[in-house]
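Undergrad: Handing you this structure, nothing more for now.
Please treat every number below as a calculation from the coordinates, not as lab data. Source: prediction; values computed, not measured. For neighbour counting, all protein chains shown are included, and Cβ atoms are generated from backbone atoms with ideal geometry for every residue, glycine included.
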């Protein structure tokens, strides 16, 4: 009798790491306010004069959080008293016919209870010009009237598109940002960090190499890779395993007013 195949065991380690991460996460906090509360990663725009760009990622809602994250971009021009948050939501497409959301919510708010992670943070001189390019990229997003959880286009496809216009951020999107590699009919593009290049077939199979991202293989929307710069592995569900660099917000600049 033929023995059962054990090939499925390759998926067990990242699955267990993913469960361990979720066990440490704070999940759905009690109450609507707590589920959308800020976590202290963004400066107070009312007391921060300098321009700011930040990129965030948080585990997705419900069962999707086992597999991936939701990402968004937040900007604040010099002397502006609020942030503008750009993101894509499937529910918004169903309600309004357009997936792109432009909001003034707190940029570091929990995503339905899940604590966000700061992926990139840039402030000061030159950032207003960077924000102009980000706004242009938001307006030119080619899938504003489309949304698919898998393999894309989705929220991570949108953020990857925006980041390609802002290589100064050198943002390395999490390996769990499913959809970040979706290129539509283009097949070839710069990596989201702007430090490399990628080849991908409709978000299903492809490869990426970049200074920030390292080397990644995308298979059925899942990312497997190695990041020499961070001395870490990239695996489905778990994301980075090793010593990934954490992004720490710089001290607030004095109010210039």
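Undergrad: Using a 7 Å offset from Cα along Cα-Cβ at residue 197, what residues in segment 206-248 end up with backbone N under 11 Å from the label point?
TA: 209
Undergrad: Could the peptides 61-68, 154-161, 94-101 be put in order, highest first, of the mean number of other beta-carbon atoms found within 10 Å of their residues? Write out the running numbers ahead of the final one.
TA: On the way: 61-68: 15.9, 154-161: 28.0, 94-101: 14.2.
Top of the packing list down: 154-161, 61-68, 94-101.
Undergrad: Let me ask something else about it. I need the calculated FRET efficiency for the pair residue 61 and residue 129, taking r as the beta carbon distance and R₀ as 41 Å, to the nearest 0.05.
TA: Working: r = 35 Å, r/R0 = 0.84.
Step by step, r from the Cβ atoms, then E = 0.75.
Undergrad: Decide, for segment 27-242, between rounded, prolate and oblate: order the square roots of the alpha carbon gyration tensor eigenvalues as a ≥ b ≥ c, take rounded if a/c falls under 1.5, and otherwise choose prolate if a/b is larger than b/c, else oblate.
TA: Working: a/c = 1.39, a/b = 1.26, b/c = 1.11.
Here segment 27-242 falls in the rounded category.
Undergrad: Could you check the simple spin-label distance between residue 243 and residue 102, using points 7 Å along Cα→Cβ, in nm with one decimal?
TA: With each label point 7 Å from Cα toward Cβ, the separation is 4.4 nm.
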